Structure formats: structure tokens, C-alpha cells
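Below you'll find the structure, written out as C-alpha cells, and then a few comments.
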Amino acid sequence: MVTVIAIANQKGGVGKTTTAINLAAAIARKKKRTLLVDLDPQANSTLTFISMEEVTHSIYDVLSNSHLSLGEIVKPTKCANLCLAPSKIALAKLEANLV
């Protein structure tokens, strides 16, 4: 069974990224395969686990109809059982188009 946990709040600075990073790492430590999807254009979750040089494609590419699937952008992290769907600043362009 798959469990999805979303952490969302319109206000900035309330700890969404910190909560997501720590919750994902804690679940992964329990030997549960975990995928952290970074949907923030600032990409702080991404930068916590990998360098931007490792990001060839991001969630922006998946959401902007570039024919990439989520599975094609997922990157492993140094944390066992934790993978990451990375973000990039380009996501801000897509966000502006959705409004």
C-alpha cells in the first residue's frame, strides 16, 4: 500500500521544507522506500540531498509536458531508502502560468 503525505501552506517560513526533509528521512530510516517530491522553486529540499550539478531534469520537466515521467527524474540520495524528485528555479515559470 502507498501512503502519500503532503505538507502545504501558503505562508512562507512555517517549516514546510524542514518538516518534509526530516519526515522523509525518518520514514526512510524505518526501512520504508520513500520518495520526496520537491515542488518548491527554491529547491531547498533538493539542495539538502544532492547538488544542482546532479539535476539534469526536474519536476518542472514532468509538469510542463516534456514527455518525461516522474520515474525518469528521480535521483537516489545518500540516505538508504530515500529518493528525490528534484526541483529547479524553472518551476517558478510554470507556477506563474498556472495562476
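Please treat every number below as a calculation from the coordinates, not as lab data. No experiment lies behind these values; they were computed from the predicted model shown. Because the Cβ atoms are built from the backbone with ideal geometry, glycine has one as well, and the counts that use them run over all protein chains shown.
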Open item on the list: Using each residue's phi in segment 76-90, evaluate 6.51 cos²θ - 1.76 cosθ + 1.60 at θ = phi - 60° and report the 3J(HN,Hα) Karplus result to the nearest Hz, with x for Gly and Pro.
Closed with: x, 10, 6, 7, 4, 6, 10, 10, 9, 9, x, 10, 9, 4, 4
Task: GNM top mover of Pro76, Pro86, Pro41 - the chain, alpha-carbon springs below 10 Å - done: Pro76
Open item on the list: Test of understanding: what is the full-extension gain from Glu54 to Asn22, defined as 0.36 nm times their sequence separation minus their Cα-Cα distance?
Closed with: 9.4 nm
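Between His67 and Asn97, what length in nm is gained on full extension when 0.36 nm per residue of separation is reduced by their alpha carbon distance?
Working: separation 30, 0.36 × 30 = 10.80 nm, distance 1.85 nm.
Additional length available on full extension: 9.0 nm.
So what's the back-of-envelope 222 nm ellipticity for the chain, counting only DSSP H runs of four-plus at -39500 (n - 2.57) apiece and dividing by all residues, rounded to 500?
Computed ellipticity for the chain at 222 nm equals -9500 deg cm²/dmol.
What are the equivalent ellipsoid semi-axes of the chain, built from the alpha-carbon gyration tensor (square roots of five times its eigenvalues), in whole angstrom, biggest first? Mind dumping the intermediate values first?
Working: eigenvalues 88, 55, 33 Å².
Whole-Å semi-axes of the equivalent ellipsoid: 21, 17, 13.
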Task: All aspartates and glutamates inside 19 Å of Lys75 as judged from Cα atoms, apart from same-chain residues fewer than 8 positions distant - done: Asp38, Asp40, Glu53, Glu54, Asp61
TODO: Have a look at Ile89, Ile21, Ile73 and tell me which one the Gaussian network model of the chain (Cα, springs below 10 Å) gives the largest fluctuation.
DONE: Ile89
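With contacts defined as alpha carbon pairs under 8 Å and 6 or more residues apart, what's the relative contact order of segment 34-98 in percent?
Numbers: 95 pairs, mean separation 30.7, N = 65.
Dividing the mean separation by the residue count of segment 34-98 yields 47 percent.
So which trypsin sites (Lys or Arg not before Pro) in segment 1-58 are both in a DSSP loop and have at most 14 other Cβ atoms within 10 Å of their Cβ?
Lys11, Lys30, Lys31, Lys32, Arg33
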Task: ³J(HN,Hα), Karplus 6.51/-1.76/1.60, whole Hz, each residue of segment 40-45, x for Gly, Pro - done: 9, x, 5, 6, 5, 5
Open item on the list: Please list, ordered by chain and number, the residues whose modelled amide H lies under 5 Å from the amide H of Val37; skip anything fewer than 5 residues away on the same chain.
Closed with: Ala85
Open item on the list: Compute the distance from the alpha-carbon center of segment 11-37 to that of segment 46-99, in whole Å.
Closed with: 16
